[in-house]
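The values are calculated or read from the model by the stated rules, or taken from the named source; none is laboratory data. Keep in mind it's a predicted model, so treat the numbers as computed, not measured. So basically every Cβ, Gly included, is an ideal-geometry build from the backbone, and we count neighbours across all protein chains shown. Surface areas here come from the heavy atoms of the whole protein model, side chains and all, with no ligands, DNA or RNA. Shrake-Rupley method; radii C 1.70, N 1.55, O 1.52, S 1.80 Å.
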Amino acid sequence: VVSCAGGQVYNFRRTPAWEKAEGEALAFSIRGLLGGHSAGVMHLGRGNGLKLMARILAAVSREMPVALASFIGGAKMNAIVSEADAVIVVPAGKADEAGQIGEKIAAEIKGELSVSDPGFAFSWVMTAEASKALITFLQLLPDGIRSMSQEIKDLVVCSSNVGILTMDGDTIDICDCIRSSEDGLKAAVSAEMEALAALTGFEAVKGTGFGGWKYDANSKLRALCADVYEKMYGEKMEFQATHGGLECGEFKS
């Protein structure tokens, strides 16, 4: 090594004054930038999400008053920012115009970064219809305990869990896990969810599935095992049931 850079880190701070917002709020998001280590890829001319967002916001503010509710981006001081998000408030009736201005500037940026950052993407707040559909879907989506065992104390037979919600570009993705020791109940809850999805404009895509192992009060195998165990060890075998998934469910299926 025959040369290296020196450095100086700054933290620029200001305490903002806050006021009640009047007008319409909308969200801007920048995604798809490659980012990278500011020392290793600085020469590649990659876009910085914070700088690009500021450029878009400045363009909107030239046409109408803009108030910032939030502005975030970046993870490390020595990494080129690949994502940025801002929530702004504009005068009533101006949200659509503000979004269109943002799209116009974003189109310019996409052309400028076509080589260095071909994945650059700009998006703004979803429509009221899509917002209502998402809220309604989540409100009505079955979640929690659906059925308890009448034979084993405190055993959940069937449940569903809304596990993940992500919004990336043009896609809202909600991941849900149904569990049931009775395959018929699992199918019934699945049908409920698919019907709800159809009513609210969501596509229902089935992922990984696994078979259930329903409790059998008259199991000959369990009775035989319990008898042999007591003869071998001189004590009663303890029985347990789980709401987790086990290989036995697949064997049963």
Nearest-0.05 FRET efficiency for residue 129 and residue 164, computed from C-beta distance (R0 25 Å):
0.60
Any residue on another chain or 5+ positions along whose placed amide H is under 5 Å from the amide H of residue 125 is listed here as 27
Computed lengthening from residue 61 to residue 196, 0.36 nm per intervening residue step minus Cα-Cα distance:
44.5 nm
Once you keep just the Cα pairs under 8 angstrom separated by 6 or more residues, what percentage relative contact order results for the chain?
15
Kirkwood Rh and Cα-based Rg: tell me the resulting Rg over Rh for the chain, rounded to two decimals.
1.18
So if we plug the beta-carbon distance of residue 79 and residue 238 into 1/(1 + (r/R0)^6) with R0 = 51 Å, what FRET efficiency do we get, rounded to 0.05?
0.40
Estimated vicinal HN-Hα couplings, Hz - the range 225-236 in sequence order (Karplus 6.51, -1.76, 1.60; Gly, Pro = x)
4, 5, 5, 5, 4, 5, 5, 6, 10, x, 8, 6
Ranking by accessible area, most exposed first, for 148, 77 with a 1.4 Å probe:
77, 148
What length, rounded to one decimal in nm, is gained on full extension from residue 231 through to residue 115, with 0.36 nm per residue of separation minus their alpha-carbon distance?
34.2 nm
Could you give the dipole magnitude of the chain about its Cα centre, charging the beta-carbon of Lys and Arg +1 and that of Asp and Glu -1, in debye to the nearest 20?
740
Just to verify a number: what accessible area does residue 178 come out at with the full protein assembly present, 1.4 Å probe, Å² rounded to tens?
30
Across 186/236; 132/214; 20/94; 186/231; 153/220, pairs whose alpha-carbon gap is larger than 27 Å:
186/236; 132/214; 186/231
Nearest-10 value in Å² for the accessible area of residue 37, using the 1.4 Å probe:
100
Using heavy-atom solvent-accessible surface (probe 1.4 Å) with all chains present, what is the largest-first order of 12, 120, 210?
12, 210, 120
How about the range 56-138: which trypsin sites (Lys or Arg not before Pro) there are in a DSSP loop, with at most 13 other Cβ atoms within 10 Å of their Cβ?
62, 76
